[in-house]
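Visitor: Submitted below is the structure of interest, expressed as structure tokens.
The values are calculated or read from the model by the stated rules, or taken from the named source; none is laboratory data. Bear in mind that the values here come from a model prediction, so they are computed numbers and not experimental data. Every residue, glycine as well, gets a Cβ built from its backbone with ideal geometry; the counts of neighbours run over all protein chains shown.
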Amino acid sequence: MGEDDLVGVGLDLEPATLVAAYSSGLFPMRLGGRRGPLGWWSPDPRGVLPLDRLRVTRSLRRSVRRYEVRIDTAFRDVITACATTRRRGGWITPAFITAYDRLHELGWTHSVEAWTDDGQLAGGLYGVALGGLFAGESMFHRATDASKVALLGLVGQLRASGMTLLDVQWLTPHLATLGANEVPRADYLTLLQEALAVPTTFTTEFAHG
């Protein structure tokens with residue numbers, strides 16, 4: 001995180017606040033741990049994953065056959081699992097889970113899940129969908145490549161929905177291996193406004209194949 005990535009502190013996690021924030025290129029994370037004040041972030045540079053740049057290795061193609069990808073069948077389970085990861089999931093407090101679950105009920109947030117043949121949730125991700133934007137929030141896995149399979153499913157859904165922008169917040173080495181890159185904040189905000197103008201919504205019926 002850069003010193004200029006934090007652009008505001010305070011407010012709340014009400015649906016209208018969150019929708020307005022994402023529409024402006026902001027997202028919330030608490031400062032100084034789970035009990036810190038609510039911070040609003042706009043990274044510079046910003047991590048994005050171009051929908052035509054996702055790298056699908058041979059091993060990932062093999063892994064796809066091991067899972068069934070579903071959408072919005074276990075949103076709260078997904079965000080709760082993300083909250084228990086050792087990575088940045090530590091910022092997903094019970095208040096965040098409640099807030100994004102409420103957004104899910106209103107149709108703004110979605111989960112993409114990878115399930116095993118015996119009905120176990122092996123991995124997944126969730127994020128916020130506005131117009132042509134999908135703002136990825138967090139992902140988790142309990143089995144090999146499960147989160148990558150969910151990401152592959154997400155990209156397929158975004159393309160099927162006519163969406164244009166997949167925001168990944170900060171670029172990590174892991175995301176870079178999957179094809180994500182960085183763009184200056186000003187460029188991201190231009191891409192965001194173009195995406196918000198796209199007359200589409202996230203398709204929740206899984207586009208098989």
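Visitor: Could you tell me whether Asp118 is surrounded by fewer than 22 Cβ atoms within 10 Å (Cβ to Cβ), acidic (Asp, Glu) and closer than 28 Å to Asp12 by Cβ?
Guide: In short, no.
Visitor: Is it fair to say Arg159 is in contact with a strand residue (DSSP E or B) (Cβ under 6 Å, 6 or more places away or on another chain), among the basic types (Lys, Arg) and in contact (Cβ under 8 Å) with a residue 40 or more places away in the chain?
Guide: no
Conditions tested, residue by residue: (1) touching a helix residue (DSSP H, G or I) at 6+ places or on another chain (Cβ under 9 Å); (2) under 24 Å from Lys148 (Cβ atoms); (3) not aromatic (Phe, Trp, Tyr).
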site	(1), (2), (3)
Ser161	no, yes, yes
Asp167	yes, yes, yes
Trp170	yes, yes, no
His174	no, yes, yes
Gly179	no, yes, yes
Ala186	no, no, yes
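Visitor: Return the residue satisfying two criteria in turn: it lies in region 81-101 and is within 16 Å of Thr172 (Cβ to Cβ) and part of a helix (DSSP H, G or I), and of such residues it is modelled with the lowest pLDDT.
Guide: Per the criteria, the residue is Gly89.
Visitor: For region 154-209, what are the residues that are farther than 22 Å from Val112 by Cα, acidic (Asp, Glu) and surrounded by 16 or more Cβ atoms within 10 Å (Cβ to Cβ)?
Guide: Hit for region 154-209 is Glu182, nothing else.
Visitor: Given the conditions (1) of a type in the set (Ser, Thr, Tyr); (2) closer than 24 Å to Trp41 by Cβ; (3) surrounded by fewer than 23 Cβ atoms within 10 Å (Cβ to Cβ), which single one is not true for Ser111?
Guide: Tallying (1) of a type in the set (Ser, Thr, Tyr); (2) closer than 24 Å to Trp41 by Cβ; (3) surrounded by fewer than 23 Cβ atoms within 10 Å (Cβ to Cβ), Ser111 fails exactly one: (3).
Visitor: From Val112, Val78, grab the single residue that is out of contact with any helix residue (DSSP H, G or I) (no Cβ under 6 Å at 6 or more places or on another chain), at pLDDT 95 or above, among the β-branched types (Val, Ile, Thr) and over 17 Å from Thr17 (Cα atoms).
Guide: Of Val112, Val78, the one residue that is out of contact with any helix residue (DSSP H, G or I) (no Cβ under 6 Å at 6 or more places or on another chain), at pLDDT 95 or above, among the β-branched types (Val, Ile, Thr) and over 17 Å from Thr17 (Cα atoms) is Val78.
Visitor: Within region 5-41, which residues are under 17 Å from Asp167 (Cα atoms) and charged (D, E, K, R)?
Guide: Asp5
Visitor: Arg55 - would you say it is basic (Lys, Arg), more than 19 Å from Leu165 (Cβ to Cβ) and surrounded by fewer than 18 Cβ atoms within 10 Å (Cβ to Cβ)?
Guide: Here the answer is no, as Arg55 does not meet what is asked.
Visitor: For region 10-25, enumerate the residues that are surrounded by fewer than 18 Cβ atoms within 10 Å (Cβ to Cβ) and either touching a helix residue (DSSP H, G or I) at 6+ places or on another chain (Cβ under 7 Å) or at pLDDT 95 or above (or both).
Guide: Leu11, Asp12, Leu13, Glu14, Pro15, Ala16, Thr17, Val19, Ala20, Ser23, Ser24
Visitor: Considering only residues that are among the aliphatic types (A, V, I, L, M) and part of a loop (DSSP other than H, G, I, E, B), look in region 9-68 and name the one that is farthest from the chain's Cα centre (by Cα).
Guide: Leu11
Visitor: Pairs please, first residue from region 119-138 and outside any loop (DSSP other than H, G, I, E, B), second anywhere and among the basic types (Lys, Arg) and surrounded by fewer than 24 Cβ atoms within 10 Å (Cβ to Cβ), Cβ atoms under 8 Å, 6+ apart in sequence or on different chains.
Guide: Leu121/Arg142; Ala122/Arg142; Gly123/Arg142; Ser138/Arg88
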